[in-house]
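**Student:** Once you've had a glance at the structure underneath, I'll fire off some questions.
The values are calculated or read from the model by the stated rules, or taken from the named source; none is laboratory data. Please read these numbers as outputs of a predicted model, since none were measured by experiment. Note: ideal-geometry Cβ built from the backbone for every residue, glycine included; neighbour counts use all protein chains shown.
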Amino acid sequence: LPTVAIVGRPNVGKSTLFNRLVGKKLALVDDRPGVTRDRREGEAELFGLEFRIIDTAGYEDEDPQTLPGRMRKQTEAAVREADVALFLFDSREGITSLDEEIGRWLRVSKTPVVVVGNKAEARSGQAGVLDAYRLGLGDPVAISAEHGEGIAGLFEALLPLLEREGADEPEIEDEEPDSGAPLKLAIIGRPNAGKSTLVNRMVGEERLITGPEAGITRDSISIDWEWQGRPVKIVDTAGLRKRSKVTDKLEKLSSADARRAIDMAEVVVLLLDATRGLEAQDLRIAEQVIDEGRALLIAINKWDVAENASSLFNGVKAALEEGLAQIKGIPVLTVSAKTGKGIDQLIGAAFEVREQWSRRIGTGELNRWFEAAIETNPPPAPGGKRIKLRYITQVKSRPPSFVVFGTRVSELPESYRRYLLNSMRRELGLGPVPLRMTLRSPKN
Ligand code: GDP
């Protein structure tokens, strides 16, 4: 993850901003000795943009005489390590001499700086923000960390700086078909659907599961192998090990197993049993996969013994279209773990869907589609005032995640958001993968 450091003199609200960005995720307190002693680190998420954040607060209760020296050391250490520095000041007070000094340290560092005027919830604060232009560190952003205002503006300032960082994250490399990282595949489904048989067949060895082994931990285990020269990693096979006889109690898919597998995978195959069809519980699991933002494939196993194959297939298709309204056209494949038929097609489909799931769409293409979509079907005007949508940006892939900026977006009906998603899926060829779209108004 890219790293963002929050710097600034005492009392400008660094910790408040830190807490807001880290949100409910636990803030890690770093107690290594030395310069890092006083800082907190955490993982932050801002409209889908993820980064590590360092808060340099902590020296504030100490002796004011030696403060600037220690602060400088802290600040420089944090900034050296960071991809972006957020330089926080108190907009009610404007730029103080200490702020100017910090500004001097930051101007000579190579790390990009975003100047942030905090406590800008009142009008008087807004004026103080403008004072920061004289720092020569670019346009200041006005926020109120305490009231959660201006956070979208902060996002807009951070996005281009962090995206550039994000571009060399290994996760995105595997958009290249052959040289990519292993396909992380999970195979889930109810007991007896044939998961173990399928994995054994794929991997081509009987090494996977041969009866309950005493003392085996339930920790995640993965299997690395190659399919047509391309690496595949089947994640969390621990759930498959449990081969005890299927009792009524076990006739439920262990939700902990499923959750863990979904967590670790890029693509999840939900395996159905042709002799049983699609059941309500399968739909719930499919929903869970989509909610978690993973690419989903449905495979009907035991196709070798399927009766009324075509009506079974169509029935599963129809139930999915109806039950999973979020995504139309989730691929349904048929396999026989026993004979091996259909397995190549299944893995091929998994690679394909991962590519769609990893897609990045250029801002130009995205906004050309966006403008056309809005023109074709303009957003509604509740109370006679039209909701204005200004632009869209992709904040990440895997799954493709977008933020739409506009005014009064909180009044936009869910049906309109769905219209945008469907249009986008169709016009930009995004495929049957989960998409995320959040709406933001820069002023709140
Ligand atoms: P798991 O609980 O999902 O891991 O299911 P298993 O792999 O243990 O398989 C359950 C039962 O279904 C076993 O008796 C398998 O031999 C059988 N089975 C698995 N795949 C197939 C298949 O493709 N065709 C047929 N006819 N039987 C299968």
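**Student:** Go over the candidates Leu283, Leu297, Leu278 one by one and state the one that is crowded, with 22+ Cβ neighbours inside 10 Å and either free of Cβ contacts under 8 Å to residues at least 24 places away in the same chain or farther than 19 Å from Gln345 by Cβ (or both).
**Tutor:** Step by step, each of Leu283, Leu297, Leu278 is checked, and only Leu278 is crowded, with 22+ Cβ neighbours inside 10 Å and either free of Cβ contacts under 8 Å to residues at least 24 places away in the same chain or farther than 19 Å from Gln345 by Cβ (or both).
**Student:** Just a yes or no: is a residue in the stretch 343-350 surrounded by 21 or more Cβ atoms within 10 Å (Cβ to Cβ), touching a helix residue (DSSP H, G or I) at 6+ places or on another chain (Cβ under 9 Å), in a loop (DSSP other than H, G, I, E, B) and not assigned by TED's automatic domain parsing to the domain that holds Gly406?
**Tutor:** Scanning the stretch 343-350, I find no residue that is surrounded by 21 or more Cβ atoms within 10 Å (Cβ to Cβ), touching a helix residue (DSSP H, G or I) at 6+ places or on another chain (Cβ under 9 Å), in a loop (DSSP other than H, G, I, E, B) and not assigned by TED's automatic domain parsing to the domain that holds Gly406, so the answer is no.
**Student:** In addition: List the pairs whose first member sits in the stretch 329-343 and is free of Cβ contacts under 8 Å to residues at least 60 places away in the same chain, whose second member is within 10 Å of the ligand (Cβ to nearest atom) and among the acidic types (Asp, Glu), and whose Cβ atoms are under 9 Å apart, counting only residues at least 6 apart or on separate chains?
**Tutor:** Pairs that qualify, where the first residue is free of Cβ contacts under 8 Å to residues at least 60 places away in the same chain and the partner is within 10 Å of the ligand (Cβ to nearest atom) and among the acidic types (Asp, Glu), are Ser336/Asp304; Thr339/Asp304; Lys341/Asp304.
**Student:** Same structure again: I need a count of the residues in the stretch 379-392 that are surrounded by 20 or more Cβ atoms within 10 Å (Cβ to Cβ) and under 22 Å from the mean Cα position of the chain (by Cα).
**Tutor:** So the answer is 1.
**Student:** Next question. Go through (1) modelled with pLDDT of 85 or more; (2) part of a helix (DSSP H, G or I); (3) of a type in the set (D, E, K, R) for Lys73 and report which single condition fails.
**Tutor:** (1)
**Student:** Please work out which one of (1) under 16 Å from Leu183 (Cβ atoms); (2) outside any strand (DSSP E or B); (3) more than 16 Å from the ligand (Cβ to nearest atom) is the condition Ala261 fails and give its number.
**Tutor:** The number of the failed condition is (3).
**Student:** Condition (residue is assigned to a helix (DSSP H, G or I) and in the same structural domain as Ala261 (by TED's automatic domain parsing)) applied to the stretch 322-334: is it met by at least one residue?
**Tutor:** yes
To keep it simple, each residue is scored yes or no on (1) among the acidic types (Asp, Glu); (2) in contact (Cβ under 8 Å) with a residue 12 or more places away in the chain; (3) outside the structural domain of Leu88 (by TED's automatic domain parsing).
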site: Arg104; (1), (2), (3): no, no, no
site: Val108; (1), (2), (3): no, no, no
site: Ala120; (1), (2), (3): no, yes, no
site: Asp131; (1), (2), (3): yes, yes, no
site: Arg134; (1), (2), (3): no, yes, no
site: Gly138; (1), (2), (3): no, yes, no
site: Val141; (1), (2), (3): no, yes, no
site: Ser144; (1), (2), (3): no, yes, no
site: Ile151; (1), (2), (3): no, yes, no
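**Student:** What are the pairs, 6+ residues apart or on separate chains, where a residue within the stretch 171-195 that is among the basic types (Lys, Arg) and within 8 Å of the ligand (Cβ to nearest atom) has its Cβ under 8 Å from a residue that is assigned to a loop (DSSP other than H, G, I, E, B) and at pLDDT below 85?
**Tutor:** Pairs that qualify, where the first residue is among the basic types (Lys, Arg) and within 8 Å of the ligand (Cβ to nearest atom) and the partner is assigned to a loop (DSSP other than H, G, I, E, B) and at pLDDT below 85, are Arg190/Glu251; Arg190/Lys252; Arg190/Leu253.
**Student:** What is the residue count in the stretch 281-295 for residues that are closer than 21 Å to Thr334 by Cβ and more than 16 Å from the chain's Cα centre (by Cα)?
**Tutor:** Residues meeting the conditions: 5.
**Student:** Just for the stretch 275-309: of the residues that are part of a helix (DSSP H, G or I) and not hydrophobic (A, V, I, L, M, F, W, C), which one is nearest to the ligand (Cβ to nearest atom)?
**Tutor:** Residue satisfying both the conditions and the ranking: Asp304.
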